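Beneath this line is the structure, given in structure tokens, with notes to follow.
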């Protein structure tokens with residue numbers, strides 16, 4: 001997997017992402033932000049929500065917290081990271097006027113967790129179109145190592161047709177990286193969480209961004225309370241689906257939101 | 001060439017057959033005229049208060065429009081969730097999604113003096129067009145009688161087969177003349193437009209669209225018909241508004257609001 005630095009031009013990062021299906025950018029954000037987000041999410045991980053979505057697919061030694069914008073103010077620095085969005089622009093704006101957040105999910109993998117089943121994130125949409133429907137961005141909140149469950153990526157799988165699934169002969173790479181870095185991968189890329197063979201938990205925040213004319217994976221309008229959503233800047237509100245796509249699709253009459261009908 | 005006409009006893013397969021063949025079909029007297037008058041009375045205030053707020057060259061300057069009628073006209077639910085309408089929608093849309101949602105519900109009152117609306121396709125809000133797949137179905141209810149004088153909807157028959165760039169064959173335009181309580185179905189890709197009102201009476205209709213459940217909603221029903229209002233409707237309507245996921249995941253909501261329909 002190609003690695004770039006914060007100083008790399010976003011078009012270059014995007015070109016690599018398009019070609020390889022995944023790319024890492026190191027030193028994207030300050031550690032202070034990462035620590036703050038992790039602190040904000042701690043009680044949610046440990047509370048009722050953390051275990052509430054455990055399943056064969058999500059794992060039973062993995063905690064998950066959905067829709068972090070209502071829980072962590074500083075998560076905006078990641079969810080709406082400007083340089084990251086420059087990369088997303090290059091991929092997603094080819095097929096839509098504006099894109100939206102699909103989901104924002106914090107994931108903490110505990111020692112003893114096994115490999116997650118390899119999957120494509122874009123299968124929530126029951127069509128295969130000759131375009132990327134979404135891009136995922138994983139922010140490590142702790143160090144990601146090959147021992148503690150760094151995300152596994154199946155090389156070249158974004159080029160596969162709908163029928164092919166990963167097999168023993170396929171090459172898997174792990175996204176080893178430090179907090180402050182980000183892993184991008186295309187919605188069509190086979191990937192999965194790694195097994196955690198270490199003694200400590202591995203936390204990350206995975207955000208997806210999908211074409212603005214698709215339904216968003218998570219319903220941000222009712223998931224993030226209005227009084228919280230109102231406090232975010234317009235570009236974040238737009239990412240949450242408050243701005244109609246191309247001024248039409250997803251229209252609403254609420255003048256207080258971006259794109260709202262002021263009349 | 002005129003629009004095929006059926007009645008409430010016609011089997012759904014026959015109506016759907018005509019819809020696929022010609023792009024439009026009328027079912028006469030599906031509900032009583034008295035029911036339509038009740039709905040008209042629930043819409044009246046809104047028409048008078050907000051009807052002119054979206055006038056423009058496309059919508060017309062002598063046409064009143066009101067959005068998202070389930071927010072204030074509970075009787076409209078009987079039309080929007082009408083069993084025979086949904087049977088048609090099932091047949092058109094369910095081959096391409098697990099569930100569909102309301103795109104928009106719009107009351108339209110064309111006043112005397114209005115000119116013909118430009119012909120258009122409703123599905124152009126989605127920047128994809130796939131042969132064999134309809135993104136949406138439109139259902140126009142005549143609240144007043146629709147006549148060739150007062151602006152009955154004009155439909156270009158067989159235009160749903162046009163390539164995007166082609167303009168429809170104007171010789172195939174047929175007007176949806178129908179009595180109050182009747183309904184006109186047309187495919188999302190069928191070219192159509194409001195008619196000129198050369199009479200001395202207004203012409204009121206309710207146009208509802210239903211779109212594949214993985215596409216973004218034309219009008220954000222979560223904001224327009226918020227949970228505290230939507231909760232008063234039965235499960236069928238709440239599903240149509242989008243208060244449930246598509247498949248297991250898409251549109252996910254964590255939280256305990258009773259408006260949400262869990263499968």
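The values are calculated or read from the model by the stated rules, or taken from the named source; none is laboratory data. None of the values given here were measured: they were computed from a predicted structure. Methodologically, a virtual Cβ is constructed for each residue, glycine included, from the backbone with ideal geometry; neighbour enumeration extends over all protein chains shown.
A few remarks follow.
- Per the listing A:23, A:11, A:65, the residue uniquely surrounded by 20 or more Cβ atoms within 10 Å (Cβ to Cβ) and within 21 Å of residue A:132 (Cα to Cα) is A:23.
- Counting only helices (runs of 4 or more DSSP H) wholly contained in segment A:182-263, no element carries 3 or more residues that are touching a strand residue (DSSP E or B) at 6+ places or on another chain (Cβ under 9 Å), modelled with pLDDT of 95 or more and at the interface with another protein chain (Cβ under 9 Å from one of its Cβ atoms).
- Qualifying position, being within 20 Å of the chain's Cα centre (by Cα) and more than 9 Å from every other protein chain (Cβ to nearest Cβ), among B:208, B:232, B:220, B:262: B:208
- Residue within segment A:145-155 that is assigned to a strand (DSSP E or B) and in contact (Cβ under 8 Å) with a residue 40 or more places away in the chain present: yes
Okay, residues lined up against (1) farther than 26 Å from residue A:247 by Cβ; (2) crowded, with 24+ Cβ neighbours inside 10 Å; (3) out of contact with any strand residue (DSSP E or B) (no Cβ under 6 Å at 6 or more places or on another chain):
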{"site": "B:176", "(1), (2), (3)": "yes, yes, no"}
{"site": "B:182", "(1), (2), (3)": "yes, yes, no"}
{"site": "B:186", "(1), (2), (3)": "no, yes, no"}
{"site": "B:193", "(1), (2), (3)": "no, no, no"}
{"site": "B:197", "(1), (2), (3)": "yes, yes, no"}
{"site": "B:202", "(1), (2), (3)": "yes, no, no"}
{"site": "B:208", "(1), (2), (3)": "no, yes, no"}
{"site": "B:214", "(1), (2), (3)": "no, no, no"}
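- Residue, nearest to residue B:101 (Cα to Cα), within segment B:135-169, restricted to residues that are in contact (Cβ under 8 Å) with a residue 60 or more places away in the chain and not in a strand (DSSP E or B): B:135
- A single member of A:105, A:123 is within 30 Å of residue B:125 (Cβ to Cβ), within 20 Å of the chain's Cα centre (by Cα) and in a helix (DSSP H, G or I), and it is A:123.
- Unique residue being crowded, with 17+ Cβ neighbours inside 10 Å and either more than 22 Å from residue A:101 (Cβ to Cβ) or touching a residue at least 40 places away in the same chain (Cβ under 8 Å) (or both) when the list is A:120, A:164: A:120
- Count - residues of segment B:228-263 that are free of Cβ contacts under 8 Å to residues at least 60 places away in the same chain, closer than 29 Å to residue A:246 by Cα and crowded, with 18+ Cβ neighbours inside 10 Å: 8
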